[in-house]
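Student: What follows is a structure written as structure tokens; I'll ask about it next.
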Amino acid sequence: MHLYKSFFRLLRRNPIGIIIYAAIFVAMIVLLFVIARVDSSSNSEFKNSNSISYIDNDDSELSKGLIRYLSINNDVTDYSDKTESAILDLTFFGISQYHMTIDKGFAEAVMNGDDSRISYITDFDMSGVVFSINGDINNFINTYREYKILGKTDAEAASSAVELLSDQTPVNVVTDDTKAKATGDELVVSQINQFFCYLAFGFLALGVGHTIIANNEVKVVKRIDSSPVPRKKISIANTAGLVTSGVVIWLVFVIINVLFGSGTQIFREYWWVILINSFLTMLVCCALTSVVTSFNISNNSLSMITNIISLSMSFVCGVFVPQWLLGDGVLSIAKFLPFYWSVYANNMTFASSNVKFDMQQLIVCFGMELLFAAVFALAAVFIRSTRVSSKV
């Protein structure tokens, strides 16, 4: 009991890892709530508006009509009174996303078939904004030219082109209403569950791992050797402290699920899946942390190793990127990693993951998580015993 209490005294002296991942967790929840509050209806209108600046040296009906047309859906500003240096600064800092200069003789060049390109500068070339605005400009010029060929005057051709191109059918993003999707609080709950394996391992490896490394320091080991306390006891105390910390993290996670998900269909129907899957995930993270901290590594090395393991497994196994977007080759590799089975089991709880609930497959996921936890735990015991034998 004394060693167990000592473990948590050391843990209180190394709160940096826990604070870092707690901040990540809070930031993730805030971000998910912001996303969830955005209109997520199945039928939403697509709109696009950009900041455009210009200098019109031509002052023709074509140039004035073009500016009038671009002003309909964009924020268009006249920069005729600004210096070239000021324009470059405003564009560089994104105040103007697209600055165009219409040279004198532009309208005449268009009708003569000469080079009538408009020079422009932008804060990010080859972007969607540039392609979109260039497309609008080319459409207007071509429409103006067609009206001129039909015999209209300059003013009539410009006005007709503005009227024709302004009368656009709204573009809507439509999804299949028969297919369920996670929205609002359900989106928050599903994504929190998705990120649990990444956050739990980070909390345990960086937050608790420093304490285990401190207990494994040479001075501490020699002090224990000179006392009547067997080495096994400190190993048991480290394991007990690690598992206790994991259980606390799991309980906090359960409380968050209850607070945010109690009114969602995900939690009402699959609360037992969430609880079991998260508990097994916590055991896997404890065992994996035990393996990492069994080696003779420093605190700096622990941070590097933790980030490499957690980020790589999260990307490959579907924590950060949905599994249905990953290729078959990547998923084949991910099946040999524990996070894959945790994420796959969680995917069964919400419809937008494209994974149907299957009890047999769920049992397989739980079994694989238990297997990984057991293998990692045995590996940690073997590594520790090997280190102890080498010091004897």
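The values are calculated or read from the model by the stated rules, or taken from the named source; none is laboratory data. The model shown is predicted, which means the values in this text are computed figures rather than measured ones. Reconstructed Cβ throughout: ideal geometry from the backbone, glycine too, with neighbour counts over all protein chains shown. These accessible areas exclude ligands, DNA and RNA; they are computed on the full protein's heavy atoms, side chains included. Shrake-Rupley method; radii C 1.70, N 1.55, O 1.52, S 1.80 Å.
Student: Which one is least open to solvent (accessible area, probe 1.4 Å) among residues in the stretch 295-307 that are among the polar types (S, T, N, Q) and at pLDDT 85 or above?
Tutor: Residues of the stretch 295-307 that are among the polar types (S, T, N, Q), as a first pass: 296, 298-301, 303, 306-307.
Subsequent filtering for residues that are at pLDDT 85 or above retains 301, 306-307.
Details: SER301: 39, THR306: 0, ASN307: 64 Å².
This residue is THR306.
Student: Follow-up. Residues to consider are SER119, SER96; find the one that is surrounded by fewer than 15 Cβ atoms within 10 Å (Cβ to Cβ) and of a type in the set (Ser, Thr, Tyr). Let's see the steps before the verdict.
Tutor: Details: SER96 fails: surrounded by fewer than 15 Cβ atoms within 10 Å (Cβ to Cβ).
Of the residues listed, the single one that is surrounded by fewer than 15 Cβ atoms within 10 Å (Cβ to Cβ) and of a type in the set (Ser, Thr, Tyr) is SER119.
Student: Among ASP125, ASP89, ASP115, which is at pLDDT 80 or above and either touching a Lys or Arg at 6+ places or on another chain (Cβ under 8 Å) or not polar (S, T, N, Q) (or both)?
Tutor: ASP89
Student: Looking only at the stretch 245-263, how many residues end up being touching a residue at least 40 places away in the same chain (Cβ under 8 Å) and either aliphatic (A, V, I, L, M) or in a helix (DSSP H, G or I) (or both)?
Tutor: 9
Student: When you look at LEU326, is it under 18 Å from the mean Cα position of the chain (by Cα) and free of Cβ contacts under 8 Å to residues at least 24 places away in the same chain, yes or no?
Tutor: Working: under 18 Å from the mean Cα position of the chain (by Cα): yes; free of Cβ contacts under 8 Å to residues at least 24 places away in the same chain: yes.
Yes.
Student: Of the residues that make up the stretch 336-356, is at least one open to solvent by 20 Å² or more (accessible area, probe 1.4 Å), of a type in the set (Gly, Ala, Ser) and free of Cβ contacts under 8 Å to residues at least 60 places away in the same chain?
Tutor: no
Student: If you go through the stretch 312-330 one residue at a time, how many are in a helix (DSSP H, G or I) and over 21 Å from VAL375 (Cα atoms)? Give the derivation first.
Tutor: Kept after step one, since they are in a helix (DSSP H, G or I), are these residues of the stretch 312-330: 312-317, 323-325, 328-330.
From what is left, the residues that are over 21 Å from VAL375 (Cα atoms) are 315, 323-325, 328-330.
Number of matching residues: 7.
Student: Here are some conditions: (1) farther than 21 Å from ALA205 by Cα; (2) modelled with pLDDT of 90 or more; (3) more than 18 Å from the chain's Cα centre (by Cα). ASN346 meets all but one. Which one does it not meet?
Tutor: (3)
Student: Can I ask one more? From ASP154, ASP136, grab the single residue that is under 35 Å from the mean Cα position of the chain (by Cα) and surrounded by 17 or more Cβ atoms within 10 Å (Cβ to Cβ).
Tutor: It is ASP136.
Student: Being under 18 Å from CYS197 (Cβ atoms) and not hydroxyl-bearing (Ser, Thr, Tyr) is the filter here, so list the residues in the stretch 261-276 that pass it.
Tutor: GLY261, ILE266, VAL273, ILE274, LEU275, ILE276
Student: For the stretch 7-23, enumerate the residues that are open to solvent by 50 Å² or more (accessible area, probe 1.4 Å) and modelled with pLDDT of 75 or more.
Tutor: Matches in the stretch 7-23: ILE19, ILE20, ALA23.
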